[in-house]
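Every number here is computed from the coordinates shown, using simple stated rules; none is lab data. Since we're looking at a predicted model, the values are computed, not measured. FYI the Cβ positions are ideal-geometry reconstructions off the backbone, even for glycines, and counts take in every protein chain you see.
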Amino acid sequence: MAVAGSLRLWVRTEPFLVGALPAPPPARLTPHYLRKAAAYARARADQGCFPRLRWPSWRHIACGKLQLSREIAWLYFELFRGLLGPAPPLRLRWADAEAACTSAEELERERSKARAGPGLGQGETRPRAGGDPAPPGGEPDPA
């Protein structure tokens, strides 16, 4: 009889506390507007909107075009990023960095480093201050 290896689970508590979405989808969150948002993002690929959508770009689309509140826009962004995002240890470091923020401006700067989209896998991390992506593992290059 074979012995199973260890199993590690990292479960976010938010879906269990409030459900997947704590509010019904807004009226403008329809396939028509989502297609327009996708076309908008593709047209701005040179600004970092496509294929990996950054938080500032999504915030502009969600709050400005789709008329979502900033909190709901972040919720959608974070849920999508959670589905496609990197390994749990890296996500835990991101959550710790966000929890350490002492002001709304600092939190916004930290969130502005976030990206969501295809290809955001285990080895890819948030960019460093200079805009260059950090090496796999999320740690800065030794100098």
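Given 0.36 nm per residue, what is the gain on full extension from ARG109 to ALA95 after removing their alpha carbon distance, in nm? Display every interim value, and only then the final one.
Details: separation 14, 0.36 × 14 = 5.04 nm, distance 1.36 nm.
Length gained between ARG109 and ALA95: 3.7 nm.
Starting with the highest mean, order 53-61, 30-38, 87-95 by the number of other Cβ atoms within 10 Å, averaged over the residues of each peptide. Can you show the working numbers first?
Working: 53-61: 20.6, 30-38: 12.8, 87-95: 15.1.
Highest to lowest by the protection proxy: 53-61, 87-95, 30-38.
Under a Cβ-Cβ cut-off of 10 Å, what is the net charge of the residues other than LYS65 that fall near it, where Lys and Arg count +1 and Asp and Glu count -1?
Net of charged neighbours comes to +2.
By its C-alpha gyration tensor, with a ≥ b ≥ c as the square roots of the eigenvalues, how is the stretch 28-116 shaped: rounded for a/c under 1.5, else prolate for a/b larger than b/c, else oblate? Intermediate results must be reported in sequence, preceding the final value.
Values: a/c = 1.87, a/b = 1.58, b/c = 1.18.
Because a/c hits 1.5 or more and a/b exceeds b/c, the stretch 28-116 counts as prolate.
Grab the other residues whose beta carbon is less than 10 angstrom from that of ALA100, score K and R as +1, D and E as -1, and report the net.
On the way: positive: none; negative: ASP96, GLU98, GLU106, GLU110.
Once positives and negatives cancel, what remains is -4.
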